[in-house]
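Accompanying notes for the structure given below.
The values are calculated or read from the model by the stated rules, or taken from the named source; none is laboratory data. Remember, predicted model here, so these are calculated numbers, not experimental data. Here the Cβ positions follow ideal geometry from the backbone for every residue, glycine too, while neighbour counts run over all protein chains shown. Remember, those area values only see protein heavy atoms, side chains included, never the ligands or the DNA or RNA. Shrake-Rupley method; radii C 1.70, N 1.55, O 1.52, S 1.80 Å.
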Amino acid sequence: MRTFFPSESCKETHLKSINPQSWLQVERGKLAKFSSESASSIDSLIKVPEPPILPFFKPVDYVQVLAKIHEELESCSPQERSNLYLLQFQVFKGLGEVKLMRRSLRSAWSKASTVYEKLVFGAWLKYEKQDEELISDLLSSCGKCAKEFGAIDIASEMPAYKKLIPHGVITTNEDSCPRTVSFRIADEKIACDRQKIASLSAPFHTMLNGCFTESFCEEIDLSENNISPLAMRVINEFSSTGLLNEVSPDLLLEMLVFANKFCCESLKDACDRKLASLISCRQDALELLECALEENSPVLAASCLQVFLRELPDSLKDSQVVELLSNTTRQQRSIMIGPASFSLYCLLSEVSMNLDPRSDESVRFLRTLVDSAETSQQKMVAYHRLGCVKFLRKELDEAEQLFEAAFNLGHTYSVIGLARLGQIRGHKRWAYEKLCSVISSSIPLGWMYQESSLYCEGEKRWDDLEKATELDPTLTYPYMYRAASLMRKQNAQAALSEINRILGFKLALECLELRFCFYLALEDYQLAICDIQAILTLCPDYRVFEGRVAALQLRTLLREHVENWTEADCWLQLYDRWSSVDDIGSLSVIYQMLESDAAKGVLYFRQSLLLLRLNCPDAAMRSLQLARQHSSSEHERLVYEGWILYDTGHCEEGLQKAEESISIKRSFEAFFLKAYALADSSLDASCSSTVISLLEDALLCPSDRLRKGQALNNLGSVYVDCGKLDAAADCYINALKIRHTRAHQGLARVHFLRNDKVAAYDEMTKLIEKAKNNASAYEKRSEYCDRDRTKADLEMVTRLDPLRVYPYRYRAAVLMDNHKDKEAIEELSRAIAFKADLHLLHLRAAFHEHIGDVMGALRDCRAALSVDPKHQEMLELHSRVNSQEP
């Protein structure tokens with residue numbers, strides 16, 4: 001879910017309001033020393049909520065599940081593919097892999113075998129990209145159509161009714177029947193061609209040509225069949241031409257009901273399609289869907305549904321839409337969405353939970369999801385998700401039944417729900433033993449130890465949390481609990497060190513908030529405001545203290561307790577933080593600068609660069625769009641549009657925007673963008689000279705030192721690639737003169753290429769000493785030293801940023817070289833457990849192949865190809881291993 005799915009302890013609805021001002025009534029700048037009297041106030045200020053129960057599919061061995069999905073995709077029928085890709089999407093969602101999730105959705109859409117699947121997954125992708133309308137507009141301005149998930153012409157995708165010659169219909173001699181028959185409706189008679197009306201359906205054929213009295217009548221009374229004279233005339237015309245021309249919706253509905261009653265399939269199909277073509281808005285769809293379901297009209301029903309899906313999430317705020325979609329029988333769902341019912345209600349329940357996970361609407365959609373589930377894995381997803389919602393709503397008995405059902409089917413993660421319910425009912429010991437049983441009977445994972453820590457105290461709790469971090473260092477709760485515990489023990493330095501461990505590689509809002517609380521308790525308001533401004537950059541509407549106080553309000557109060565900086569002060573602070581690679585500090589300064597009269601477009605652009613470095617792509621894109629919105633000139637706007645296109649994978653269009661900007665005015669940013677995009681888009685080595693020329697042009701244009709340092713650094717990299725080491729060294733040295741600290745890394749590379757490993761090592765040491773975030777620097781320095789120091793540097797990298805995969809691969813390779821096969825595979829496995837990385841899986845597959853474990857190698861190959869289906873080396877290894885399968 002995009003929204004935070006809260007735990008019970010951090011999302012109460014009836015909490016007493018608090019007054020943040022009371023915490024700030026102290027002397028400015030005073031650093032309080034902890035006393036016994038302050039301990040209680042610290043406890044009230046520093047609270048760590050229990051980790052939420054995530055409403056995701058989280059298999060214990062996700063590698064095995066991905067491999068199984070890939071294996072089935074290789075041999076399944078086309079009708080099964082979309083459901084398999086949906087399951088793959090659920091696995092990646094549980095892993096938090098947003099890009100891989102979207103790719104799975106796109107695969108489900110592109111491999112759809114029915115119009116229903118195309119409809120659901122197209123709408124889902126459109127919903128996922130709902131903030132990207134600007135990108136579509138920008139692509140259109142470049143002459144590229146971006147409406148890949150546009151509305152489907154459902155009628156053309158569904159086969160039209162083909163008239164069959166009736167068999168076994170009893171007829172008299174048709175020549176003895178009157179050629180014309182008149183149908184009386186009230187006081188009017190409609191003369192019709194008997195045989196053409198008879199051809200509409202078997203019942204009419206039997207009635208008009210069989211052994212019934214009507215077969216010999218010239219006039220038949222239809223007054224009791226709810227058909228108007230006007231509608232009958234249109235039916236008569238249709239029987240002759242097979243066409244419906246200009247007919248009103250009301251008349252079409254009347255004819256549709258009549259066609260259903262008399263089994264006139266061709267007439268029904270024509271009315272169905274004609275009505276579908278008349279839908280122009282949500283109100284039309286609302287008025288017609290109920291009738292479509294009653295009259296079994298699939299084209300009309302799917303067309304109505306399409307209107308609702310294309311307006312997500314707004315359409316689910318309409319009670320009439322929710323009522324229609326959440327109160328359907330299996331038969332009605334079959335009419336509306338064919339075999340894609342589970343996919344549809346997966347989407348609808350997700351959107352509804354994003355709006356409000358506690359709502360009645362979410363429950364209703366999830367109940368339908370449960371009813372639509374067919375496979376055991378679909379049932380796991382549905383039961384667990386509904387269990388999470390029931391738990392939030394405090395409907396505990398139902399939640400228990402649902403978690404139990406998911407757990408019994410094999411969804412081990414649902415044990416968390418059972419354990420929490422046990423604790424609520426006073427069975428804490430039972431909850432702990434339940435977790436211990438799971439840990440002992442399956443692959444131990446970080447979340448298992450994190451959960452078991454909730455049901456024990458003292459050293460045992462601390463040990464479980466240490467184990468949780470060892471198995472999955474990305475879990476935020478263990479760091480937060482340890483840091484808060486240390487703070488309560490008045491060990492502020494250790495508390496800050498602990499929370500900084502995770503903030504060094506994962507910018508989690510809840511961790512930033514906790515550190516903010518620490519600084520507040522320490523009365524270090526300058527650092528407190530730094531964190532609150534970083535929080536507001538990432539999430540402008542964020543609320544702190546269990547959602548009770550707007551972060552913006554606290555920031556306003558804190559401003560009274562910190563020194564006001566002038567614009568010049570801000571620029572100096574920004575240079576200092578940028579130079580020391582303090583990205584969070586830089587974000588905070590820029591946030592403050594945006595309140596001044598400084599050019600906002602430039603500041604929002606700098607903000608976006610920092611957010612990209614911090615791996616916050618959504619926030620970075622928001623900042624880029626704000627930069628465009630606040631641009632002061634057309635040529636500046638074009639640059640930001642170019643970056644927006646480039647960052648979303650549209651490199652050529654980004655280049656086009658850069659060239660348009662340059663044609664209006666030669667500027668640093670336009671040349672820099674063009675050089676950057678060209679270097680990325682062209683594989684031709686000859687383009688290096690063009691990139692060099694563009695960067696030199698950029699450096700001749702006015703700009704500040706922050707950006708010029710980046711240009712010099714990039715120019716040095718191009719020179720290195722061209723073998724011009726002296727020119728590269730000059731660029732890096734000039735960049736360092738204006739405090740572009742990252743240039744140390746480029747200069748180290750030059751030293752290394754000159755066979756001066758010692759100088760390269762020393763250069764990287766300078767970067768490590770200057771940079772606040774220096775995991776990448778340790779990793780790079782490891783390339784310039786002996787094996788022992790390399791090992792030490794890479795251990796430091798893993799401590800600082802356990803998400804960096806190179807250290808695991810290096811250590812595993814060393815172990816393999818030393819014939820320690822088991823230990824090598826274990827080294828890779830400990831990282832794979834929390835990070836679905838292609839390179840880790842590739843190396844482990846190669847190791848399995850090397851030791852003759854064909855099935856292990858095949859499993860890892862298939863899982864890796866789920867991560868990147870087009871990776872050439874992986875495809876070759878898979879082909880080789882597959883040929884060895886027994």
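At 7 Å along Cα-to-Cβ for each site, give me the label-to-label distance between Lys394 and Glu560 in nm.
Rounded to a tenth, the inter-label distance reads 3.6 nm.
State to the nearest 20 debye the size of the charge dipole of the chain about its Cα centre, where the only charges are +1 on K and R beta carbons and -1 on D and E beta carbons.
Details: 106 positive and 126 negative charges, 446 e Å.
Taking the Cα centre of the chain as origin, the dipole is about 2140 debye.
Could you tell me how far the Cα centroid of the stretch 542-597 sits from the Cα centroid of the stretch 508-532, in Å?
12 Å
If R0 is 45 Å, what FRET efficiency do you get for Lys460 and Glu128 from their C-beta distance, rounded to 0.05? Mind showing how you got there, number by number?
Values: r = 42 Å, r/R0 = 0.94.
E(calc), rounded to 0.05, equals 0.60.
Over the stretch 731-886, calculate the relative contact order: mean separation of alpha carbon pairs under 8 Å at least 6 apart, over the residue count, as a percent.
With pairs under 8 Å counted, the relative contact order is 11 percent.
Any chance you could list the semi-axes, whole Å, largest first, of the equivalent ellipsoid that the Cα gyration tensor gives for the stretch 579-716, using √(5λ)?
Over the Cα atoms of the stretch 579-716, the semi-axes work out to 23, 16, 15 Å.
Can you give the Kirkwood hydrodynamic radius of the stretch 293-374 from its Cα pairs, in Å with one decimal?
12.6 Å
With the crude spin-label approximation of a point 7 Å out along Cα→Cβ, what separation in nm comes out for Glu323 versus Ser829?
Taking the two extended label points, one gets 5.7 nm.
What's the whole-number percent of alpha carbon pairs in the stretch 717-816 lying beyond 19 angstrom? Before the final figure, lay out each step's value.
On the way: 2203 of 4950 pairs.
The calculated P(r) of the stretch 717-816 puts 45 percent of pairs beyond 19 Å.
Quick one: which residues, 5+ away or cross-chain, put their amide H under 5 Å from the amide H of Cys192? H built at 1.01 Å from N.
The list, which skips near neighbours in sequence, is Val181, Ser182, Phe183.
Once you list every other residue whose beta carbon is under 13 Å from the beta carbon of Met336, what net charge do they have if Lys and Arg are +1 and Asp and Glu are -1?
In short, -2.
Summarise the accessible area of the chain (1.4 Å probe, protein heavy atoms) by the percent that is carbon and sulfur.
The computed percentage sits at 49.
If you take the beta carbon distance between Val549 and Asp576 as r and set R0 to 35 Å, what does 1/(1 + (r/R0)^6) give as a FRET efficiency, to the nearest 0.05?
Working: r = 30 Å, r/R0 = 0.87.
In this case the efficiency is close to 0.70.
Over the Cα atoms of the chain, Rg to Rh with Kirkwood Rh, two decimal places?
Details: Rg = 33.3 Å, Rh = 31.9 Å.
Over the Cα atoms of the chain, Rg/Rh equals 1.05.
Want the number for Thr375 to His427: 0.36 nm per residue separation, take away the alpha-carbon distance, what's left? Could you put the intermediate results ahead of the total?
On the way: separation 52, 0.36 × 52 = 18.72 nm, distance 3.29 nm.
The span from Thr375 to His427 would gain 15.4 nm if fully extended.
For Cα pairs less than 8 Å apart in space and 6+ apart in sequence, what is the mean separation divided by the residue count of the chain, i.e. the relative contact order in percent? The partial results should precede the final answer.
Details: 1222 pairs, mean separation 82.5, N = 886.
Relative contact order comes out at 9 percent.
Considering only the chain, what is the antiparallel percent among its DSSP beta bridges, to the nearest 5? Show your work: numbers first, answer last.
Details: 8 of 11 bridges.
DSSP beta bridges in the chain are roughly 75 percent antiparallel.
Determine by what factor the alpha-carbon radius of gyration of the stretch 644-737 differs from 2.2 N^0.38 Å, reporting the quotient.
Its radius of gyration relative to the 2.2 N^0.38 Å reference: 1.05.
Computed FRET efficiency, Cβ-Cβ of Arg367 and Asn296, R0 30 Å: what is it to the nearest 0.05? Kindly include the intermediate steps, with their values, before the conclusion.
Values: r = 24 Å, r/R0 = 0.79.
Rounded to the nearest 0.05, the efficiency is 0.80.
What order do you get for 671-677, 221-227 when each peptide is scored by the mean count of other beta carbon atoms within 10 Å, highest first?
Details: 671-677: 25.6, 221-227: 13.6.
Highest to lowest by the protection proxy: 671-677, 221-227.
Would you mind checking which residues have amide H under 5 Å from Asp221's amide H? H placed 1.01 Å from N; only 5 or more apart, or other chain.
Result for Asp221 returns Arg184.
From the helices alone, meaning DSSP H stretches of at least four residues, give me the mean residue ellipticity at 222 nm for the chain, per-run term -39500 (n - 2.57), in deg cm²/dmol to the nearest 500.
One gets -20500 deg cm²/dmol as the mean residue ellipticity at 222 nm.
Obtain the nm distance between the two label points defined at Glu470 and Ile664 by a simple spin-label model: each point lies 7 Å from its Cα along the Cα-to-C-beta direction.
About 5.9 nm, to one decimal.
To test your reading of the geometry: what angle, between 0 and 90 degrees and rounded to tens, separates the Cα axis of helix 376-392 from the longest principal axis of the chain?
Tilt relative to the chain: about 70 degrees.
Calculate the dipole size of the stretch 447-504 relative to its Cα centre from +1 charges on Lys and Arg beta carbons and -1 charges on Asp and Glu beta carbons; express the result in debye to the nearest 20.
Values: 7 positive and 9 negative charges, 55 e Å.
The dipole of the stretch 447-504 has a size of about 260 debye.
Multiply the residue gap between Asp314 and Ala160 by 0.36 nm, knock off their C-alpha separation, and tell me the result in nm, one decimal place. Present the calculation step by step, with values, prior to reporting the outcome.
Numbers: separation 154, 0.36 × 154 = 55.44 nm, distance 3.26 nm.
Gain on stretching Asp314 to Ala160: 52.2 nm.
Give, as a single signed number, the net charge of other residues whose beta carbon lies under 12 Å from the beta carbon of Ala276, with Lys and Arg counted +1 and Asp and Glu -1.
Working: positive: Arg273, Lys274; negative: Asp153, Glu157, Asp269, Asp272, Asp284.
It works out to a net charge of -3.
Going by alpha carbons, how many degrees (0 to 90, nearest 10) lie between the helix axis of 525-538 and the longest principal axis of the chain?
Between helix and principal axis, roughly 30 degrees.
Residue by residue through the stretch 240-252, what is 3J(HN,Hα) from phi via Karplus (6.51 cos²θ - 1.76 cosθ + 1.60, θ = phi - 60°)? Round to whole Hz and write x for glycine and proline.
Rounded to whole hertz, the list is 8, 9, x, 10, 10, 8, 6, 10, 6, x, 4, 5, 5.
Sorting check: for 355-362, 438-445, which peptide has the highest mean count of neighbouring beta carbons within 10 Å, and how do the rest follow?
355-362, 438-445
Quick one: work out Rg over Rh on the C-alpha atoms of the stretch 334-415, Rh as Kirkwood radius. If you can, show how the numbers build up before the last one.
Values: Rg = 12.2 Å, Rh = 12.5 Å.
Answer for the stretch 334-415: 0.97.
So what are the ³J(HN,Hα) numbers for the stretch 180-195, from phi and the Karplus equation (6.51, -1.76, 1.60; θ = phi - 60°), rounded to whole Hz, Gly and Pro as x?
10, 10, 10, 9, 8, 10, 6, 9, 10, 10, 10, 7, 9, 6, 4, 6
I need the phi-derived Karplus couplings for the stretch 295-309: 6.51 cos²θ - 1.76 cosθ + 1.60, θ = phi - 60°, integer Hz, Gly and Pro marked x.
9, 6, 10, x, 5, 5, 4, 5, 5, 5, 4, 4, 4, 5, 5
I'd like to compare 549-559, 511-521: which one has the highest average count of other Cβ atoms within 10 Å, and what's the full order after that?
Working: 549-559: 17.3, 511-521: 22.9.
So the order, starting with the most tightly packed, is 511-521, 549-559.
Let me check I've understood the local charge: for Ala775, count other residues with C-beta under 9 angstrom from its C-beta, Lys and Arg +1, Asp and Glu -1. What total comes out? Walk me through the intermediate numbers first.
Working: positive: Arg799, Arg804; negative: Glu779, Asp801.
Surrounding charge for Ala775 is 0.
Filter the GluC sites (Glu not before Pro) in the stretch 547-645 to those in DSSP coil with at most 15 other Cβ atoms within 10 Å of their Cβ, and list the result. Present the calculation step by step, with values, prior to reporting the outcome.
Values: sites: Glu560, Glu563, Glu567, Glu595, Glu634, Glu636, Glu641; in loops: Glu560, Glu563, Glu595.
Hits after loop and neighbour filter: Glu560, Glu563, Glu595.
Roll a 1.4 Å probe over the protein heavy atoms and report the accessible area of Thr537 in Å², nearest 10.
For Thr537, the solvent-accessible surface is approximately 10 Å².
Express the relative contact order of the stretch 817-886 as a whole percentage, based on alpha carbon pairs under 8 Å and six or more residues apart in sequence. It would help to have the intermediate numbers written out before the result.
On the way: 61 pairs, mean separation 18.2, N = 70.
Computed value for the stretch 817-886: 26 percent relative contact order.
Nothing charged except the Cβ atoms of Lys and Arg (+1) and of Asp and Glu (-1): what's the magnitude of the dipole of the stretch 632-756 about its Cα centre? Round to the nearest 20 debye. Spell out each step's value before the answer.
Values: 14 positive and 18 negative charges, 129 e Å.
So the dipole magnitude of the stretch 632-756 works out to roughly 620 debye.
As I understand it, the dipole of the chain uses +1 on the Cβ of Lys and Arg and -1 on the Cβ of Asp and Glu, about the Cα centre. Which of Ser75, Pro807, Ala302 lies farthest toward its positive end?
Positive-end residue among those listed: Pro807.
Quick check: from the Cα gyration tensor, does the stretch 186-325 come out rounded (a/c under 1.5), prolate or oblate?
On the way: a/c = 2.71, a/b = 2.64, b/c = 1.03.
Taking the square roots of the gyration eigenvalues as a ≥ b ≥ c, the stretch 186-325 is prolate.
I'd like to check one number: the per residue accessible area of the chain, probe 1.4 Å, reported in Å² as a whole number.
Working: 39600 Å² over 886 residues.
Ligands and nucleic acids excluded, the result is 45 Å² per residue.
Per-residue accessible area for Val370 at 1.4 Å probe radius, Å² rounded to 10?
For Val370, solvent-accessible area is about 40 Å².
Going through the stretch 546-612, which chymotrypsin sites (Phe, Trp or Tyr not before Pro) have at most 11 other Cβ atoms within 10 Å and a DSSP loop state?
Values: sites: Trp565, Trp571, Tyr575, Trp578, Tyr591, Tyr604, Phe605; in loops: Trp565.
The qualifying sites: there are none.
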